[in-house]
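I have placed the structure first, in the form of structure tokens, so that the comments after it can refer back to it.
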Amino acid sequence: MSKKLYICIFALLSLMACGAEQELKSIIPGEIWPDNNGEHINAHGGGFLVYNDTYYWFGEHKTAGKAGNRANVGVSCYSSKNLTDWTNEGIALRVVEDNPQHDITIGCVLERPKVIYNEKTGKFVMWFHLELKDQGYAAARTALAVADKVTGPYTFVKSLRPNAGQWPLNFTEEQKNATYDYSINRWNNEGRAAVINGMFVMRDFEGGQMSRDMTLFVDDDGKAYHIASAEDNGTIHIRELTDDYQDFTGRYVRVFPDKRNEAPAIFKHNNKYYMFSSGCTGWKPNPGRSAVADDIMGEWTELGNFCRGTDKEVKTTFGSQSTYVIPVIGEEGQFIYCGDRWRPNNAIDGRYIWLPITWEDEKPVVKWYSQWDLSFFEK
Ligand code: DGJ
């Protein structure tokens, strides 16, 4: 080959490399994020599934105005290879329009859907938080929908309060035999002590435990867990799922009794489990929280606020609430914090706050970047 030809090929390859670099698009937290149709991505309280080297984003499809906080459409699905170009895959799970008695009838509250893939059954399994229509947040149920194809359609299977008639693994004999006056003021010292001791576990023992804000986590051994706010939002329950991921085994633990955590997100790094969560302030942001454990079923140790930055940023989690932590494909040990900036008065306008996770000693921390891209993880 002539020297000229070598130079041409080299120049061409360099140009291609430059082109590839330029294609790395920015993640701009809090801005409008257009999908392949130019419309703002509509997938709030989302969860992510990595399947066939592709990211699938499932989330609450919101509509305009305050009424848009309710489920008027269902669960959206988007796909992407690079976390910046998102293809709208349509509605993965649709609410039911012609049956007001259905658990997921139009106008119910359907929040924080998460999807996991079951290798044994070949099914895609979605769990989400469900509040029955016109009952506020009293039902506190979790619900299951299943599909043969990642993008759906998902078929609704059931909704329930988990672990009816089963005690948490970390409940003592004394706790199982305690008696309570349920009319007690749960906010005074006596009431709080009762809640910490498991008063609400006992109250809900027969009918099943409450289940509100939730996430799913699949461990390296294929076992899956359902992690949710229970006990009037006072305490997180970590629940083992059956091998097909479609039911609860009955093994569950109470974590952070009466610490009032919502919005749990779990990830695993260097054989340790990390949890991000928030406090309970409705749609308003509050300080982020983090915790670590050697075993997902506990003991969990609190690590404090995972945000670093100005006072306002740290007190409001950059104006967001956690929803998921994405493990970056091809970047072993690198993770992205995903949060929602809710817009309760115009739900469809909710924004996404995604930021890279870094480490401070052995603590995962998140700092604000008004614009960043995946080359962050190559530094
Ligand atoms: C906070 C929760 O994290 C959200 O998912 C939603 O349930 C709102 N509360 C409702 O106020």
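Quick notes on this structure:
- Helical runs (DSSP H, four residues minimum) scored at -39500 (n - 2.57) apiece and divided by the length of the chain put the mean residue ellipticity at 222 nm at -3000 deg cm²/dmol.
- Close amide H pairs (under 5 Å, H built 1.01 Å from N) link residue 93 with 75, 154, residues at least 5 positions away or on another chain.
- Lys, Arg +1 and Asp, Glu -1 on Cβ, resulting dipole of region 56-118 about Cα centre, debye, nearest 20: 200 debye
- Taken about its Cα centre, region 27-160 carries a charge dipole of about 360 debye when Lys and Arg each add +1 at the Cβ and Asp and Glu each add -1 at the Cβ.
- Vicinal HN-Hα couplings computed from phi for region 194-202 (Karplus, 6.51 cos²θ - 1.76 cosθ + 1.60; Hz; Gly/Pro x): 5, 5, 4, 6, x, 4, 6, 4, 5
- In order along region 117-126, the Karplus-derived 3J(HN,Hα) couplings, from 6.51 cos²θ - 1.76 cosθ + 1.60 at θ = phi - 60°, round to 9, 9, 4, 6, 9, x, 9, 9, 10, 10 Hz, and Gly and Pro are given as x.
- Going by neighbour counts of Cβ atoms within 10 Å, the residues 238, 32, 336, 196 line up, fewest first, as 32, 196, 336, 238.
- Gaussian network model of the chain, Cα within-10 Å springs - most flexible of 304, 288, 68: 304
- Environment charge at residue 306 (Cβ cut-off 14 Å; Lys +1, Arg +1, Asp -1, Glu -1): 0
- Candidates 300, 342, 359: whichever shows maximal mean-square fluctuation once the chain is modelled as a Gaussian network with Cα springs under 10 Å: 359
- Calculated FRET efficiency for the pair residue 346/residue 369, C-beta based, R₀ 25 Å, to 0.05: 0.45
- Charge sum, other residues only, whose C-beta stays under 15 Å from residue 273's C-beta, Lys/Arg counted +1 and Asp/Glu -1: -3
- Sequence of 231, 332, 190 once ranked by neighbouring C-beta atoms within 10 Å, starting from the fewest: 332, 190, 231
- With the charge dipole of the chain set up from +1 on Lys and Arg Cβ and -1 on Asp and Glu Cβ about the Cα centre, the Cα lying farthest toward the positive end among the listed residues 47, 130, 310 is that of 310.
- Relative contact order (%) - criterion: Cα under 8 Å, at least six apart; region: the chain: 13 percent
- Karplus-derived 3J(HN,Hα) values for region 51-63, using 6.51 cos²θ - 1.76 cosθ + 1.60 with θ = phi - 60°, are 9, 6, 6, 10, 8, 10, 10, 10, x, 5, 7, 9, 10 Hz; glycine and proline are entered as x.
- Over all other residues within a Cβ to Cβ distance under 14 Å of residue 183, the charged ones net out to 0, with Lys and Arg as +1 and Asp and Glu as -1.
- Put in line by how crowded their Cβ is, counting other Cβ atoms within 10 Å and starting with the fewest, 130, 355 read 355, 130.
- Fluctuation leader among 80, 26, 183 - the chain, Gaussian network, Cα springs under 10 angstrom: 183
- Charging the Cβ of each Asp and Glu at -1 and of each Lys and Arg at +1, and nothing else, the dipole of region 160-199 about its Cα centre rounds to 200 debye.
- Gap separating the Cα centres of region 323-357 and region 57-82, nearest whole Å: 14 Å
- Placing unit charges on the Cβ atoms of the charged side chains and taking the dipole of the chain about its Cα centre, the candidate lying farthest along the positive direction among 281, 171, 99 is 281.
A short reminder: the numbers here are calculations on the coordinates, not readings from a lab. Please read all numbers here as calculations on a predicted model, not as lab measurements. We place every Cβ from the backbone using ideal geometry, glycine too, and count neighbours over all the protein chains shown.
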